Structures are given as C-alpha cells and as structure tokens.
C-alpha cells in the first residue's frame with residue numbers, strides 16, 4: 001500500500017488536513033500525518049507529534065516558544081520536518097509528500113521536501129504559488145499548485161482544489177511505490193548544462209559520453225537548472241560538464257534566471273571531476289522587456305518570452321575573473337575549455353553577437369585568473385557549438401574521471 005506523508009501546522013490547518021487524510025484513505029492510501037505547529041493544540045490527532053519534530057531539530061517546544069519569534073519557529077520546524085521525512089523515507093514509509101498552506105507552512109514543508117531524493121513525489125498546495133516560487137522549489141523536483149483561495153476551510157473553491165491535490169499525490173505515490181529501477185542502472189552519472197544557444201555543442205558531448213558508458217543528465221541553464229546541478233553535484237553526480245554559464249552573466253546584469261551566488265562551486269567543493277566552458281557568457285537573459293538602461297545594447301528576441309542582451313568587454317572581463325576565482329577553489333580535478341571563435345549560436349562568426357574583443361577580454365581574465373593554479377586551460381580554435389569542441393570536452397572529462405582517454409574527439 002502506498003504511503004503519503006502529510007506535513008502541516010495542525011493548530012491552524014487541522015480541519016483541512018483531516019479532510020485530506022480521509023480523502024487519501026478512501027483511495028486506499030496509508031497516511032502519516034506530521035504536525036509542525038508550535039502554538040495552539042492540534043485540531044486533529046497527528047501520527048508524528050510536534051514534540052517529535054522539535055526534537056529532531058535538536059530542541060524542544062518550551063525552548064522554541066520562549067524565543068517568541070515566528071522566524072525561528074519556522075526555521076527550526078523546517079529542519080525537524082526534514083529529519084522526520086528523511087527517516088520515514090529510509091524506513092520505506094514514504095512514497096509521496098503533500099502539504100497545504102500559506103507562507104509559513106510552505107516554507108516548512110518545501111524545506112522538508114527538498115531534502116528528499118529526486119523522484120519522490122512532492123506536492124505543495126500554496127496560496128503563495130502564483131508569485132516567485134524559486135525560494136520554495138530550489139533545485140528540487142517539487143510541484144507547486146496554487147490554492148486560489150487561502151487554506152481556510154473546505155468550501156466550493158478549496159474542495160475541488162484539495163481533492164485534485166489528494167488524487168494527484170495518491171496516483172504519484174502508487175506509481176513510486178511500484179516503480180522499478182530507473183533506466184541507466186549503475187552507469188556513472190554526468191551532469192551537463194545547456195541552453196538553446198549551446199545545444200549543438202553539448203549534444204555532441206552528450207553523445208560521446210554515452211558511448212563512453214556514462215548516463216548524462218542535462219540541466220537547462222535557466223536558474224532552476226543551475227540550482228539543481230549544484231544540489232546534485234555533491235551527491236548524485238560522478239562528474240560535471242558545465243558547458244553553459246549563462247546564469248552568471250544574467251546575474252551580473254540583473255536579468256531573469258540567475259542561479260544564486262554559489263553557482264559553479266558545488267562540484268569544486270565536492271572534489272568531483274569537472275570540465276567547464278564559457279558558453280552563453282556573451283549574453284544575459286531577460287523577459288520580454290529589457291530594462292531601459294540596456295536598450296541601447298544589441299538586443300535579440302530569442303522567443304516571445306525571452307530576450308537577450310550582449311555583454312560588453314568590461315563585463316566579460318568581470319565574468320572571466322568570477323569563473324577563475326570559483327575554479328581556483330576547486331578541490332577536485334578541473335579543466336577549462338575556451339572556444340576562441342565564439343560562445344554561442346549568436347556569437348559564432350557571422351552571428352549578431354560575434355565580438356572578438358569582448359570574447360578576448362573574457363579569455364584573458366580566465367587565463368590570468370587561473371595562472372599558477374592546478375586548473376588546466378585548453379584553447380580550441382573553433383566555436384562552442386562545433387561538434388569537435390563538444391567531443392573534445394567530453395573526452396577531456398573522461399580523462400579526468402578515468403585518467404586515460406579511450407576515444408579521441410577528432411576520430
């Protein structure tokens with residue numbers, strides 16, 4: 001029988017959680033109800049009481065209440081909830097997680113969900129889901145459903161929304177409980193980054209890595225993809241082919257889709273092999289409208305939702321220094337590959353973003369920043385999307401992983 005864990009503040013949302021539990025049990029799902037409330041008595045009896053959640057966070061309710069600080073309470077119960085659901089998962093008593101609520105419960109429950117492995121169904125019904133949800137999702141395979149109305153009673157709007165959520169998690173949990181080993185088996189796993197403007201080069205690398213016996217997971221360099229790569233670099237991934245750093249340039253110019261200040265650091269901290277290139281640093285990504293301060297630049301409409309702006313030589317120099325500083329701190333084998341004829345489909349010779357002076361500023365900053373370090377810098381007289389460049393990166397990563405190249409890129 002599949003098991004769904006319900007996480008919630010049962011002092012304020014107890015009636016709604018009782019309704020969800022009944023709905024799930026009617027569908028033949030076993031339910032474990034976890035209480036993360038800290039104030040009034042729970043309005044429905046939990047299976048994992050709040051006292052146990054607080055202990056899992058290394059404290060107790062008396063101490064927590066003495067702080068009289070909602071922020072402390074939310075952070076602490078989030079930490080405890082993550083410990084509880086992790087233990088339930090290890091015990092085989094969790095095939096899916098469902099939570100409902102507003103900002104506080106969303107913060108607690110999604111923090112716990114993010115601690116679970118990829119593939120475990122995670123569903124959050126939240127009144128916060130119509131805005132910026134990146135703090136809740138992070139790099140997890142977490143689904144957010146907008147509640148439309150606040151989670152405050154069962155009514156003609158909340159009833160079908162919550163019923164859909166219960167039915168969805170019941171189906172996902174049943175599938176997860178019955179699922180066999182995913183394709184790929186025990187092959188070593190490579191995490192690669194890609195965007196539309198670097199797809200041909202990364203596809204060539206991915207094809208060769210598959211021939212060499214790796215399973216390649218491709219992450220879209222759009223903010224959430226970079227966060228997912230960073231989250232998995234120290235756990236799931238054997239090595240990283242970080243070919244697309246568009247999130248760094250986007251963050252520098254204040255665009256849409258940055259991946260946070262820790263981007264390009266997790267693989268180095270974990271000590272796993274990494275090959276890095278500079279794909280996409282010739283542009284920054286924005287939505288349909290570019291800020292007034294940048295409209296004099298080379299602006300390119302990528303699609304109706306995405307517009308990109310060309311980075312200047314000064315900005316490219318800053319980005320090169322950032323890349324070098326992050327990679328100098330790496331504790332594992334690291335190599336950088338520079339495509340001297342362009343960084344993207346737009347930046348290749350003849351493309352609208354082909355700017356040798358800007359690219360040269362980037363390359364110089366990378367070279368200078370890595371001089372005297374253990375990081376090897378490889379320069380190829382081609383552009384980022386030439387298949388030879390992609391295969392050379394793949395072959396180089398295979399060298400770092402195994403210590404011996406078996407397939408040469410040009411063969």
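Values quoted throughout were computed directly from the atomic coordinates according to the rules given, and no laboratory measurement underlies them. Everything numeric in this text was worked out from a predicted model, so none of it was measured. Note that we place each Cβ from the backbone using ideal geometry, even for glycine, and neighbour counts take in every protein chain shown.
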The chain: angle of helix 313-328 to the longest principal axis, Cα-based, in degrees nearest 10: 70
Provide the descending list of Cα extents for the range 187-334 along its principal axes, expressed in whole angstroms. 48, 30, 22
Please give the contour-minus-distance gain from residue 235 to residue 62: 0.36 nm per residue of separation, less the Cα-Cα distance, rounded to one decimal in nm. 58.7 nm
Spin-label pair residue 177/residue 321, simplified geometry with 7 Å Cα→Cβ offset, distance in nm: 5.7
Compute the angle between helix 387-402 and the longest alpha-carbon principal axis of the chain, please, reported from 0 to 90 degrees and rounded to the nearest 10. 70
Give the average over all directions of the projected area of the C-alpha convex hull of the range 2-70, one decimal, in nm². 4.6
In nanometres, what is the gap between the two model label sites at residue 262 and residue 368, each 7 Å from Cα along Cα-to-Cβ? 3.1
What the Cα atoms of the range 3-178 span along the principal axes, largest first and in whole Å, is 41, 36, 32
Alpha-carbon Rg with Dmax, taken over the range 81-139, Å: 11.2, 35
May I ask for the equivalent-ellipsoid semi-axes of the chain, computed as the square root of five times each C-alpha gyration tensor eigenvalue and listed largest first in whole Å? 44, 23, 20
Calculated FRET efficiency, residue 163 and residue 11, Cβ-Cβ r, R0 22 Å, to nearest 0.05? 0.40
Difference of contour (0.36 nm per residue) and Cα-Cα distance, residue 118 to residue 314: 66.6 nm
Hey, what's the Kirkwood Rh for the range 205-281 if you take every pair of different alpha carbons, in angstrom? 12.7
If you average the sequence gap of Cα pairs under 8 Å that are 6 or more apart and divide by the length of the range 155-216, what percent do you get for the contact order? 33
Once you place label points 7 Å from the Cα toward the Cβ at residue 381 and residue 22, how far apart are they in nm? 7.7
At 222 nm, what value in deg cm²/dmol follows for the chain if DSSP H runs of at least 4 each add -39500 (n - 2.57) and the sum is divided by all its residues, to the nearest 500? -12500 deg cm²/dmol
Full-stretch length increase - residue 299, residue 130 - with 0.36 nm per residue and alpha-carbon distance subtracted: 57.9 nm
Pairwise centroid distance, computed over Cα atoms, of the range 1-52 with the range 263-316, Å: 44
If you take the beta carbon distance between residue 39 and residue 340 as r and set R0 to 56 Å, what does 1/(1 + (r/R0)^6) give as a FRET efficiency, to the nearest 0.05? 0.35
Quick one: angle between helix 70-90 and the longest Cα principal axis of the chain, in degrees between 0 and 90, rounded to 10, please. 90
Determine, from the Cβ-Cβ distance of residue 141 and residue 289 and an R0 of 41 Å, the FRET efficiency 1/(1 + (r/R0)^6), rounded to the nearest 0.05. 0.85
